[in-house]
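Trainee: What follows is a structure written as structure tokens; I'll ask about it next.
The values are calculated or read from the model by the stated rules, or taken from the named source; none is laboratory data. This structure is a prediction, so every number in the text was calculated from the model and none was measured. All Cβ positions, even for glycine, are placed from backbone atoms using ideal geometry, and neighbour counts span all protein chains on display. Ligands, DNA and RNA are excluded from the accessible area calculation, which covers all protein heavy atoms including side chains. Shrake-Rupley method; radii C 1.70, N 1.55, O 1.52, S 1.80 Å.
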Amino acid sequence: MTSNSADPSRRVPSPTEPDPYPDLTSAGSLAAALESVAAGLGLGWDPVLVSESDPLRSAGVASEVVDRETCWITLGSAERQFLLSGWCRGVRLISGSTPDLGDMALALEGWRKGATLREIHEAAPFVTVTELARAHEHGPAAAVAVGWRLLLEGLRQKEDLFSYARSTLRIAEAAYAEPKLRRLYPFTSHRSLHFTTCVGIPYSRDVPHVDPLSDGRYRVHAPSRGAVIGDADTPEAAVALVVSGLPVGCGPAVAGASGDR
């Protein structure tokens, strides 16, 4: 079985350096070492998956929960670290690293059995669960609400430092005031403000987006970036152009990635 993640790899220690992964060396592979640790903890796992591209240094644990993807483990290159990243319907819900394979096994067990994000973190404190991840756990509406708040807070923190942040903040605040856009998930890319009808990556590209211009105006692009809907002198006018280009029945944003629908 293969992974869509980057291939696990690590720096090979020189003959004078200690091997940071002696347990993997003695077990024969990362997967075998992880299976041994899980068995010692009394965890009843199916065989750990491996990537065909690197069967000795890859390991993945499938989840029993629908939509939770296989959680793949990679190795740190500079020092002993096991890294994980858990995705569900285009959203990374957990991440983290630890030098302890037992702690990693506990995190993977929670992911496998459908534990809540809070429960996974409590069992394995090295696991990072962001505020946005917790919102996704409660559904797309909660993710949209937190996504808007975090976007606006981030731009407000930067507005006194960067002119582009001030311009993007003005259009974001105007968009948030429009109910038809406030129920879509917002994100920025190269200073442009985008809206998506799904909350997972890859995002949808079916809604117009806005580019702040250097002269203080705003350019509204159709979902196909080659087409321009029009330029606007004010954020409110730009928002009106975006709304005029919304597809029929647009919103609210739904769970999953654009390819899920």
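Trainee: Name, by its number, the condition in (1) more than 30 Å from Val66 (Cα to Cα); (2) open to solvent by 20 Å² or more (accessible area, probe 1.4 Å) that does not hold for Gly259.
Mentor: (1)
Trainee: For Gly200, indicate whether it is touching a helix residue (DSSP H, G or I) at 6+ places or on another chain (Cβ under 8 Å) and either in contact (Cβ under 8 Å) with a residue 60 or more places away in the chain or open to solvent by less than 50 Å² (accessible area, probe 1.4 Å) (or both).
Mentor: Values: touching a helix residue (DSSP H, G or I) at 6+ places or on another chain (Cβ under 8 Å): yes; either in contact (Cβ under 8 Å) with a residue 60 or more places away in the chain or open to solvent by less than 50 Å² (accessible area, probe 1.4 Å) (or both): yes.
Considered against the rule, which asks whether it is touching a helix residue (DSSP H, G or I) at 6+ places or on another chain (Cβ under 8 Å) and either in contact (Cβ under 8 Å) with a residue 60 or more places away in the chain or open to solvent by less than 50 Å² (accessible area, probe 1.4 Å) (or both), Gly200 comes out as yes.
Trainee: Could you grab the pairs with beta carbons closer than 7 Å, sequence gap of 6+ or different chains, first residue in segment 160-180 and of a type in the set (Val, Ile, Thr), second one in a loop (DSSP other than H, G, I, E, B)?
Mentor: Partner pairs satisfying both residue conditions: Thr168/Arg191.
Trainee: Let me ask something else about it. Any idea how many residues of segment 68-83 are more than 16 Å from the chain's Cα centre (by Cα) and of a type in the set (Asp, Glu)?
Mentor: So the count comes out to 1.
Trainee: Yes or no: segment 93-102 includes at least one residue that is in a helix (DSSP H, G or I) and not β-branched (Val, Ile, Thr).
Mentor: Looking through segment 93-102, at least one residue is in a helix (DSSP H, G or I) and not β-branched (Val, Ile, Thr).
Trainee: Next question. For segment 169-185, enumerate the residues that are buried (at least 21 other Cβ atoms within 10 Å of the Cβ) and closer than 23 Å to Arg89 by Cα.
Mentor: Leu181, Leu184, Tyr185
Trainee: Further question: Picking from Glu64, Glu69, Glu79, Glu109, which residue would you name as being among the acidic types (Asp, Glu) and without any contact (Cβ under 8 Å) to a residue 24 or more places away in the chain? So that I can check it myself, show each step before the final result.
Mentor: On the way: Glu64 fails: without any contact (Cβ under 8 Å) to a residue 24 or more places away in the chain; Glu79 fails: without any contact (Cβ under 8 Å) to a residue 24 or more places away in the chain; Glu109 fails: without any contact (Cβ under 8 Å) to a residue 24 or more places away in the chain.
Criteria check complete, one pass: Glu69.
Trainee: I'm checking my understanding of the structure. Among residues of segment 204-246 that are over 16 Å from Thr188 (Cα atoms) and within 26 Å of the chain's Cα centre (by Cα), which one is surrounded by the fewest Cβ atoms within 10 Å (Cβ to Cβ)?
Mentor: Among those that are over 16 Å from Thr188 (Cα atoms) and within 26 Å of the chain's Cα centre (by Cα), it is Ser224.
Trainee: A further question on this structure: For segment 120-159: of the residues being farther than 25 Å from Pro212 by Cα and touching a residue at least 40 places away in the same chain (Cβ under 8 Å), which is surrounded by the fewest Cβ atoms within 10 Å (Cβ to Cβ)?
Mentor: Once the filter is applied, the top-ranked residue is Gly139.
Trainee: Please work out which residue is farthest from Ala33 (Cα to Cα), limiting yourself to segment 91-119 and to residues that are open to solvent by less than 40 Å² (accessible area, probe 1.4 Å) and β-branched (Val, Ile, Thr).
Mentor: Among residues in segment 91-119 that are open to solvent by less than 40 Å² (accessible area, probe 1.4 Å) and β-branched (Val, Ile, Thr), the one farthest from Ala33 (Cα to Cα) is Val91.
Trainee: Sticking with this one: Please go through (1) of a type in the set (A, V, I, L, M); (2) more than 22 Å from the chain's Cα centre (by Cα); (3) at pLDDT 95 or above for Ala165 and return the number of the only condition it doesn't satisfy.
Mentor: (3)
Trainee: Now, a different point. Looking at segment 54-87, which of the residues that are open to solvent by 30 Å² or more (accessible area, probe 1.4 Å), over 20 Å from Ala38 (Cβ atoms) and of a type outside the set (Val, Ile, Thr) is modelled with the highest pLDDT?
Mentor: In this case the residue turns out to be Trp87.
Trainee: Return yes when Leu84 is assigned to a strand (DSSP E or B) and closer than 28 Å to Ala143 by Cβ and no when it is not.
Mentor: Considered against the rule, which asks whether it is assigned to a strand (DSSP E or B) and closer than 28 Å to Ala143 by Cβ, Leu84 comes out as yes.
Trainee: Of the conditions (1) open to solvent by 30 Å² or more (accessible area, probe 1.4 Å); (2) closer than 25 Å to Ala115 by Cα, Val48 fails just one. Which one is it?
Mentor: If we test Val48 against (1) open to solvent by 30 Å² or more (accessible area, probe 1.4 Å); (2) closer than 25 Å to Ala115 by Cα, just (1) comes out false.
Trainee: While we're looking at this one, here's another question. Run Tyr164 past the list (1) open to solvent by less than 20 Å² (accessible area, probe 1.4 Å); (2) closer than 12 Å to Asp211 by Cα and report the number of the one that doesn't hold.
Mentor: That leaves (1) as the condition not met.
Trainee: Looking only at segment 1-39, which residues are out of contact with any Gly (no Cβ under 7 Å at 6 or more places or on another chain), open to solvent by less than 50 Å² (accessible area, probe 1.4 Å), over 13 Å from Phe82 (Cα atoms) and at pLDDT below 90?
Mentor: Those that are out of contact with any Gly (no Cβ under 7 Å at 6 or more places or on another chain), open to solvent by less than 50 Å² (accessible area, probe 1.4 Å), over 13 Å from Phe82 (Cα atoms) and at pLDDT below 90: Pro13, Ser14.
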